[in-house]
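Working notes for the structure below.
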Amino acid sequence: MDMIELMYQENILDHYKNPHNFGKMENATVHHHEKNPLCGDELDMFLMIDENKKIVDVKVHPTGCAISVASASMLSDEIKGKSIDEVKNMTKEQILEMLGIPISPVRLKCALLSLDTLKNSTLIFEKYMRK
Amino acid sequence: MLKTKTIMDVETIRKDFPILQRKVHGKPLVYFDNAATSQKPKEVIDALDFYYNNYNANVHRSIHQLGEEATAAYEKAREKIAEFINAQYEEVIFTKNSTEGLNLLAYSLTSGLKQGDEIVISQLEHHSNFVPWQQMAKHLGLKLKFIEINENAELDEESIKKNITKKTKIVSIGHISNAIGTINPVEDIARITHENGALMIVDGSQAAPHIPLDMKKIDSDFYVFTGHKMLGPTGVGVVYGKKELLEASRPFLYGGEMINEVKFDDTTFNKLPWKFEAGTPNIAEGIGLGVAVDYLTKVGMQNILNRDRELLDYAMEKIKEIDGITVYGPKERASILSFNVKGVHAHDVSQILDSEGVAIRAGHHCCMPLMSVLGISATARASFYLYNTEQEVDTFINAIHKVKKIFGV
Ligand SMILES: Cc1ncc(COP(=O)(O)O)c(C=O)c1O
């Protein structure tokens with residue numbers, strides 16, 4: 001398998017074509033929209049968070065390339081059922097490991113849009129909790 | 001290798017571009033990202049090298065042999081560029097790139113405007129010919145209007161007439177759209193602009209590399225282009241301006257070089273073109289652009305234009321045979337092929353093409369307003385130049401088939 005086939009392996013393309021937890025949420029605790037200005041990839045993330053700061057439901061609505069959509073889809077699976085504290089410090093490395101494919105430096109932004117969206121969602125949530 | 005019908009010998013030209021020998025991911029490089037930046041012939045690369053190795057010195061100020069050689073070469077480049085666009089020597093101002101040129105004009109030309117005065121651009125503009133006007137309008141209370149495109153992605157004639165009126169002070173239009181290749185009727189727009197007593201600027205970033213230019217014929221008041229897209233180095237661009245207008249305009253950058261006499265209470269400015277060139281310029285790059293212009297002239301701009309058409313027609317025919325391809329832009333276009341593959345994002349198209357050695361661009365092409373008019377967020381764009389071949393187009397087409405295979409579309 002060459003690099004490109006490794007990158008666009010079936011798993012990634014499945015997530016791209018049928019993203020998990022796809023859609024929008026009416027009464028989300030936090031809804032955050034993030035855009036990658038360089039390439040125009042966009043992601044809407046909706047989190048339903050209970051009183052124990054647990055993410056009980058998540059919806060993602062990505063538009064963009066296979067890498068950014070697959071990353072959003074996989075991350076939505078990853079964080080569902082976890083607490084905000086568990087996910088707020090997730091790292092770039094964890095995302096890359098989750099994707100499990102070689103990502104060139106120029107595509108890093110695509111891969112990490114989901115993480116940026118998640119981080120900003122958790123920040124918004126914590127700011128709101130403090131009030 | 002297919003024989004070309006033009007009198008240009010592409011194989012000979014290719015030998016002048018060392019980078020075309022390199023391999024990418026083990027495959028021969030197919031460089032179709034010329035609208036972003038062109039490759040450079042060896043002559044241009046050597047000119048930079050030769051300058052630094054032999055006569056590096058500051059221009060216009062150093063009274064010694066090296067300084068004189070550097071100044072002569074730098075000013076000779078200006079002369080060649082003036083000839084290339086049929087303008088006078090004083091009308092050629094060196095900038096860093098088109099973006100700086102358009103900002104220079106946006107700052108200089110709006111300084112006398114009043115609240116409510118109107119500036120007209122179009123929906124096709126590159127952010128460089130969009131954001132400066134938008135921001136000047138915002139700060140000075142000017143009104144920014146947009147000429148709309150019709151269903152063929154050409155500037156709508158009615159919209160041109162409707163937007164350019166007696167209230168208009170400045171019209172700034174791209175000659176060729178970098179996103180979809182539309183060639184705009186800048187001569188007609190210049191005439192309409194002048195009938196209304198306004199100033200006409202043309203962003204010629206995509207035109208200067210591809211079509212013969214004659215400033216007298218276009219008759220715009222200003223014309224802006226960037227060296228790196230026309231075989232020249234990065235870091236050098238040009239603002240052409242009609243002499244009397246440049247003389248009447250305020251400088252944009254202040255500092256050394258652009259002055260005549262500086263006293264504690266005021267400064268008089270240098271004569272044209274140096275009035276607009278503050279500070280030490282990109283000397284080697286300016287000289288390099290002169291060499292690039294020599295190269296283009298040697299090949300012949302009309303030959304380049306004919307060859308562009310030939311290659312574009314070939315690519316269009318081939319790409320249309322593929323299912324699920326949408327091509328954006330008008331039928332009559334410059335050598336820019338903007339497209340999408342159904343079910344695949346442009347980034348992924350670009351990434352997979354890269355694995356076959358094919359370099360294209362994917363994204364909004366610095367034209368986000370246009371993308372929103374077209375109702376898309378990105379396209380894949382192949383853009384051709386004088387060293388590209390039909391064989392390379394075939395490689396590109398095969399690579400699109402690979403995209404479709406990987407994505408199962
Ligand atoms: C139509 C157009 N205008 C302006 C520019 C800006 O050129 P530069 O980045 O060299 O300033 C470009 C190129 O990117 C362009 O294609």
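The values are calculated or read from the model by the stated rules, or taken from the named source; none is laboratory data. On a predicted model such as this, the values are computed, not experimentally measured, just so you know. Glycine also receives a Cβ, built like all others from the backbone with ideal geometry; neighbour counts cover every protein chain displayed. Keep in mind that these areas ignore ligands, DNA and RNA; they rest on the heavy atoms of the full protein, side chains included. Shrake-Rupley method; radii C 1.70, N 1.55, O 1.52, S 1.80 Å.
Output the peptides B:196-203, B:345-352 sorted from most to least packed, where packing is the average of other Cβ atoms within 10 Å over each peptide's residues.
Working: B:196-203: 23.5, B:345-352: 25.9.
My ranking of the peptides, most packed first, is B:345-352, B:196-203.
At 0.36 nm per residue, minus the direct Cα-Cα distance, what do B:D49 and B:K405 gain on full extension? Give it in nm, one decimal, please.
Working: separation 356, 0.36 × 356 = 128.16 nm, distance 4.53 nm.
Between B:D49 and B:K405, full extension yields 123.6 nm more.
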Item to check | Cα-only radius of gyration and Dmax that characterise the range B:309-351, units Å | outcome: 10.8, 30
Checklist entry - Averaged across the residues of B:337-349, what count of C-beta atoms belonging to other chains lies within 10 Å of each residue's C-beta? => result 4
Item to check | In nm, spacing of pseudo-spin labels at B:N56 and A:D14 (7 Å Cα→C-beta vector) | outcome: 5.8 nm
Checklist outcome for this item: In whole angstrom, the spacing between the Cα centers of the range B:380-404 and the range B:190-258 equals 32 Å
Item to check | Accessible area in the full protein assembly, largest first, 1.4 Å probe, for B:W274, B:W133 | outcome: B:W274, B:W133
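Partner chain Cβ atoms within 10 Å, averaged over the residues of A:113-124 - can you pull that number for me? Write down the numbers at each step before the final one.
Details: counts 0, 0, 0, 0, 0, 0, 0, 0, 0, 0, 0, 0.
Shielding by partners across A:113-124 averages 0.
How big is the antiparallel share of DSSP beta bridges in chain B, given as a percent to the nearest 5? Don't skip to the end; give the middle numbers.
Numbers: 29 of 48 bridges.
Taking every DSSP beta bridge with both residues in chain B, the antiparallel ones total about 60 percent.
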Checklist outcome for this item: Expressed as a whole number, the average count of other chain Cβ atoms within 10 Å around the Cβ atoms of A:37-49 is 2
Item to check | q = 0.06, 0.08, 0.10 Å⁻¹: log10 I(q)/I(0) that the Debye formula gives for chain B, counting C-alpha atoms only | outcome: -0.25, -0.45, -0.70
Next on the checklist: From the helices alone, meaning DSSP H stretches of at least four residues, give me the mean residue ellipticity at 222 nm for chain B, per-run term -39500 (n - 2.57), in deg cm²/dmol to the nearest 500.
Outcome noted: -11500 deg cm²/dmol
Item to check | Förster radius 22 Å - calculated FRET efficiency between B:K138 and B:L245, Cβ distance, rounded to 0.05 | outcome: 0.35
Checklist outcome for this item: The ³J(HN,Hα) series, computed from each phi in the range B:70-84 with the Karplus coefficients 6.51, -1.76 and 1.60 at θ = phi - 60°, rounded to the nearest Hz and given as x for glycine or proline, is 4, 4, 4, 5, 5, 6, 5, 4, 4, 4, 5, 5, 4, 5, 4
Checklist entry - Taking the Cα centre of chain B as the origin and placing charges on Cβ (Lys, Arg +1; Asp, Glu -1), which of B:Y240, B:N270, B:A380 is farthest toward the positive end of the dipole? => result B:A380
Item to check | Spatial extent of the range B:238-349: Rg and Dmax, with the Cα atoms as the point set, Å | outcome: 23.2, 71
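Return the ratio Rg/(2.2 N^0.38 Å) for the protein assembly as shown, where Rg is computed over Cα atoms only. Walk me through the numbers before you get to the answer.
Working: Rg = 26.0 Å, N = 540, 2.2 N^0.38 = 24.0 Å.
In units of the 2.2 N^0.38 Å rule of thumb, it is 1.08.
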Item to check | Extension reserve of the A:N89-A:N27 stretch, reckoned as 0.36 nm per residue once the Cα distance is removed | outcome: 19.8 nm
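Please report, in debye to the nearest 20, how large the charge dipole of chain A is about its Cα centre when each Lys and Arg carries +1 at its beta carbon and each Asp and Glu carries -1 there. It would help to have the intermediate numbers written out before the result.
Working: 16 positive and 20 negative charges, 110 e Å.
Value, rounded to 20: 520 debye.
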Item to check | Qualifying aspartates and glutamates (Cα of each under 13 Å from Cα of B:K138; at least 8 residues distant if same chain) | outcome: B:D117, B:E118
Checklist outcome for this item: Note, the range B:124-131: 3J(HN,Hα) by Karplus (6.51, -1.76, 1.60, θ = phi - 60°), whole Hz, Gly/Pro = x, goes 8, 5, 5, 3, 5, 10, 10, 4
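Between B:N260 and B:Q65, what length in nm is gained on full extension when 0.36 nm per residue of separation is reduced by their alpha carbon distance? Spell out each step's value before the answer.
Values: separation 195, 0.36 × 195 = 70.20 nm, distance 2.35 nm.
Gain on extension, B:N260 to B:Q65, equals 67.8 nm.
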Item to check | Nearest-20 debye value, the range A:73-131 charge dipole, Cβ charges on Lys, Arg, Asp, Glu | outcome: 320 debye
Checklist outcome for this item: Candidate cut points under GluC sites (Glu not before Pro) in the range B:277-369, DSSP loop plus at most 16 other Cβ atoms within 10 Å of their own Cβ, are B:E321, B:E332
Checklist entry - Of B:M8, B:M368, which has the most accessible area and how do the rest follow, probe 1.4 Å? => result B:M368, B:M8
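Among B:173-179, B:369-375, how do they line up by average Cβ neighbours within 10 Å per residue, starting with the highest?
Numbers: B:173-179: 27.4, B:369-375: 16.3.
Ranking, from highest mean packing down: B:173-179, B:369-375.
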Checklist outcome for this item: Pseudo-spin-label distance B:E151 to B:Q88, built 7 Å along Cα→Cβ, given in nm, is 4.8 nm
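For chain B, what relative contact order do you get, as a whole percent, if you take Cα pairs closer than 8 Å and at least 6 residues apart? Intermediate values should be presented prior to the final figure.
On the way: 805 pairs, mean separation 95.7, N = 409.
Reported relative contact order: 23 percent.
Hey, with R₀ at 41 Å, roughly what FRET efficiency would B:R309 and A:R130 work out to, going by the Cβ-Cβ distance, to 0.05?
Details: r = 64 Å, r/R0 = 1.55.
Efficiency at R0 = 41 Å is approximately 0.05.
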Checklist entry - Helix B:283-299 versus the longest principal axis of chain B: what is the Cα-based angle in degrees, 0 to 90, to the nearest 10? => result 50 degrees
Checklist entry - Where the centroid of each part is defined by its Cα atoms, how far is the range B:18-47 from the range A:36-69 in Å? => result 39 Å
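Which entries in A:K92/B:K405; B:K114/B:K263; A:K17/B:K342; A:K54/A:K92; B:K320/B:K404 show an alpha-carbon gap greater than 20 Å? Intermediate values should be presented prior to the final figure.
Working: A:K92/B:K405 30 Å; B:K114/B:K263 31 Å; A:K17/B:K342 12 Å; A:K54/A:K92 22 Å; B:K320/B:K404 14 Å.
From the list (A:K92/B:K405; B:K114/B:K263; A:K17/B:K342; A:K54/A:K92; B:K320/B:K404), the Cα-Cα distance tops 20 Å for A:K92/B:K405; B:K114/B:K263; A:K54/A:K92.
In debye, nearest 20: dipole of chain B around its Cα centre with unit charges on the Cβ of K, R (+) and D, E (-)? Mind showing how you got there, number by number?
Values: 46 positive and 53 negative charges, 143 e Å.
Charge dipole, chain B, about its Cα centre: 680 debye, nearest 20.
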Checklist entry - If r is the Cβ-Cβ distance from B:D188 to B:K318 and R0 is 35 Å, what FRET efficiency results, to the nearest 0.05? => result 0.60
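Can you tell me the convex hull volume per residue for the range A:3-129, based on C-alpha atoms, in Å³ to the nearest whole number?
Values: hull volume 11.9 nm³, N = 127.
Dividing the Cα hull volume of the range A:3-129 by its residue count gives 94 Å³.
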Item to check | In nm, spacing of pseudo-spin labels at A:D116 and A:K54 (7 Å Cα→C-beta vector) | outcome: 3.2 nm
Checklist entry - Taking the range B:10-97, how many lysine pairs are there with alpha carbons less than 25 Å apart, if each pair must be eight or more places apart or span two chains? => result 17
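If Rh is defined by the Kirkwood formula over all Cα pairs and Rg also comes from Cα, what ratio Rg/Rh do you get for the range B:181-292? Don't skip to the answer; put the middle values down first.
Values: Rg = 16.1 Å, Rh = 15.7 Å.
Value, to two decimals: 1.02.
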Checklist outcome for this item: Order by accessible surface, 1.4 Å probe, largest leading, for residues B:T168, B:T326 comes to B:T326, B:T168
Item to check | Per-peptide average of other Cβ atoms within 10 Å, ordering B:17-25, B:379-387, B:80-88 highest first | outcome: B:379-387, B:80-88, B:17-25
Next on the checklist: Output the 0 to 90 degree angle, nearest 10, between the alpha-carbon long axis of helix B:98-110 and the longest principal axis computed from the alpha carbons of chain B.
Outcome noted: 40 degrees
